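The values are calculated or read from the model by the stated rules, or taken from the named source; none is laboratory data. Values in this document were obtained by computation on a predicted structure and should not be read as measured data. Heads up, the Cβs are rebuilt from the backbone with ideal geometry, glycines too, and the neighbour counts pull from every protein chain shown.
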Amino acid sequence: MTLGEKIRQQIKESRYKSISAFHREMVNIFESKAVNRRTLSQIINGHASARERTLNQIAIILGMRISDLRIGTDSEMLEQEETLGAFTYNEKAVLRALENNLPFMPCKLVLKRGGHTSEEQDRPEGPRSVKWCAVIMGGIKLFVKGTLGEETRTFYKGATFSFDARQRHYFENAYKGTSVLYVIHSPAQNSDFYLPSTASA
């Protein structure tokens, strides 16, 4: 069984029954950060692989852990840090933050050689959002697109830095091998992984 087939089965066995109803609940809970309907369909039909944050949203609505969602599928043997193209996020850290309702969101970001993350941005009109970062291995190049244009800074092992996450930004591996970055995102509710404690799944 593929992971997409498992997700489809779990949705049919849930109180939502249909993909449309399930996606409406995702939008209701995650609002603008919810995975779009087309992407969800592609994952379920095996035409696209699910990113960690997408699996996290699906698992939360189903009331499951990501590891439980993988049981019995062809992705069951994957490590907890699932490969996301050129980079990985640490699932265990994300789930621990969710379970303990932490005011910040910790993540371990692993960038392979030549890898980079997608461009992201917290709501510009929202409260100040900060990402504190520490380079654990290799080198990381940070691209920030602010009011004065794009700024680029490179940081190597042992360096720490922070920036306003309301600006458009992304990370790129600046090293010939794998690079590792620890990221603390505060406040947590601005993270794509965050589920408000008042929401019902």
(request) Would you mind telling me which numbered condition in (1) assigned to a helix (DSSP H, G or I); (2) over 20 Å from the mean Cα position of the chain (by Cα); (3) within 13 Å of THR73 (Cβ to Cβ) ILE43 fails? (result) (2)
(message) For the stretch 23-53, give me the residue count where each residue is of a type in the set (Val, Ile, Thr) and buried (at least 20 other Cβ atoms within 10 Å of the Cβ).
(response) 3
(message) List pairs: first residue in the stretch 41-70 and closer than 17 Å to HIS23 by Cα and free of Cβ contacts under 8 Å to residues at least 24 places away in the same chain, second residue part of a loop (DSSP other than H, G, I, E, B) and β-branched (Val, Ile, Thr) anywhere in the structure, Cβ distance under 6 angstrom, at least six positions apart or on different chains.
(response) THR54/VAL35
(message) Please go through (1) modelled with pLDDT of 90 or more; (2) under 20 Å from MET105 (Cα atoms) for PHE155 and return the number of the only condition it doesn't satisfy.
(response) (2)
(request) Please work out which residue is surrounded by the fewest Cβ atoms within 10 Å (Cβ to Cβ), limiting yourself to the stretch 143-181 and to residues that are under 23 Å from ARG123 (Cα atoms) and among the hydroxyl-bearing types (Ser, Thr, Tyr). (result) THR147
(message) Just to confirm my filter: which strands (runs of 3 or more DSSP E) fall fully inside the stretch 86-137 and include at least 3 residues that are modelled with pLDDT under 75 and either out of contact with any Pro (no Cβ under 7 Å at 6 or more places or on another chain) or at negative phi (or both)?
(response) 87-89
(request) Please list, ordered by first then second residue, the pairs with beta carbon atoms under 6 Å, 6 or more apart or interchain, first in the stretch 124-136 and under 25 Å from SER32 (Cα atoms), second assigned to a strand (DSSP E or B) and among the polar types (S, T, N, Q). (result) VAL130/SER162; VAL130/SER186; TRP132/SER162
(message) Can you find, within the stretch 1-22, the residue that is nearest to VAL110 (Cα to Cα) among those that are crowded, with 20+ Cβ neighbours inside 10 Å and free of Cβ contacts under 8 Å to residues at least 60 places away in the same chain?
(response) GLY4
(message) Restricting to the stretch 118-142, and then to whatever is out of contact with any helix residue (DSSP H, G or I) (no Cβ under 8 Å at 6 or more places or on another chain) and among the basic types (Lys, Arg), can you tell me which residue is surrounded by the fewest Cβ atoms within 10 Å (Cβ to Cβ)?
(response) ARG128
(request) Filter the stretch 46-71 down to residues that are among the basic types (Lys, Arg) and either in a helix (DSSP H, G or I) or in contact with a strand residue (DSSP E or B) (Cβ under 8 Å, 6 or more places away or on another chain) (or both) and give me whichever is farthest from LYS6 (Cα to Cα). (result) ARG53
(request) Among the residues of the stretch 158-184, write down those that are touching a Pro at 6+ places or on another chain (Cβ under 8 Å) and within 15 Å of LEU109 (Cα to Cα). (result) TYR182, VAL183, ILE184
